[in-house]
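The structure appears below as structure tokens.
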């Protein structure tokens, strides 16, 4: 059976037809999926490609709005289950925004500050096994690739620009805008800025409230993934409905109880049998 591949299409995407054709030429059963189609249908595919273009006109940042879409949320969920995802040009920027590429922050190209199109040499510096698409390559392999974008990884540069601006304000405004900037940056830029600020803690009550909520949500996500790992290691089948319930659970204490049950339970029903 040919692997089924979904090519995601957003307003402003281009080259989706060529991407579908390339997947079919490679022996895949590929189909273009519009942003308006039911996102849950994407779970039926074996892999995903997000092609290039200017999704949602690259408003806010390249890929930022598309990264918040229900379709991409499903792609991220399925990537965490081991399915393959490929981002091309703007698609890679979408994947960066959603966190699938690790600590990468998207901003205007520096030092040029404008769109660039050129052929570049990309060297594989990390072990190829880290990615399915480079698994057959050895470190040091060089590839000729096309670079055509106006925004790239600038996490450290964003962070470096914020610090002097905030430090020039009076104490009250510095607290407020420092919190506001940290809360609005994507993960990579925020990490870079927090590293430079060496243990910065949010100061305003407004930010403290939402940071506390974010920390609780992060703890819940980590517990949910740990629970799924234990269930998988013990060979306990987890239907899609149960998986969605676990990943959607926001109460860390309940997830902790489920995790304790998973160590001795014989079925997923015993794990999730929670009368409270």
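The values are calculated or read from the model by the stated rules, or taken from the named source; none is laboratory data. None of the values given here were measured: they were computed from a predicted structure. Here Cβ is always computed from backbone atoms with ideal geometry, including for glycine, and neighbour counts include all displayed protein chains.
Structure summary
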| quantity | calculated |
| --- | --- |
| Test result for residue 97, modelled with pLDDT under 95, surrounded by 20 or more Cβ atoms within 10 Å (Cβ to Cβ), outside the structural domain of residue 232 (by TED's automatic domain parsing) and in a helix (DSSP H, G or I) | yes |
| Whichever residue in segment 57-93 is without any contact (Cβ under 8 Å) to a residue 40 or more places away in the chain and at positive phi and, among such residues, is nearest to the chain's Cα centre (by Cα) | 82 |
| Subset of segment 23-58 that is part of a helix (DSSP H, G or I) and surrounded by 14 or more Cβ atoms within 10 Å (Cβ to Cβ) - its residue that is modelled with the lowest pLDDT | 58 |
| Residue tally, condition part of a loop (DSSP other than H, G, I, E, B) and either farther than 25 Å from residue 73 by Cβ or touching a strand residue (DSSP E or B) at 6+ places or on another chain (Cβ under 7 Å) (or both), over segment 237-276 | 9 |
| Subset of segment 5-34 (residues that are at positive phi and in contact with a helix residue (DSSP H, G or I) (Cβ under 6 Å, 6 or more places away or on another chain)) | 12 |
| Test: residue in segment 134-149 that is surrounded by 11 or more Cβ atoms within 10 Å (Cβ to Cβ), outside the structural domain of residue 14 (by TED's automatic domain parsing), at pLDDT 80 or above and part of a helix (DSSP H, G or I) | yes |
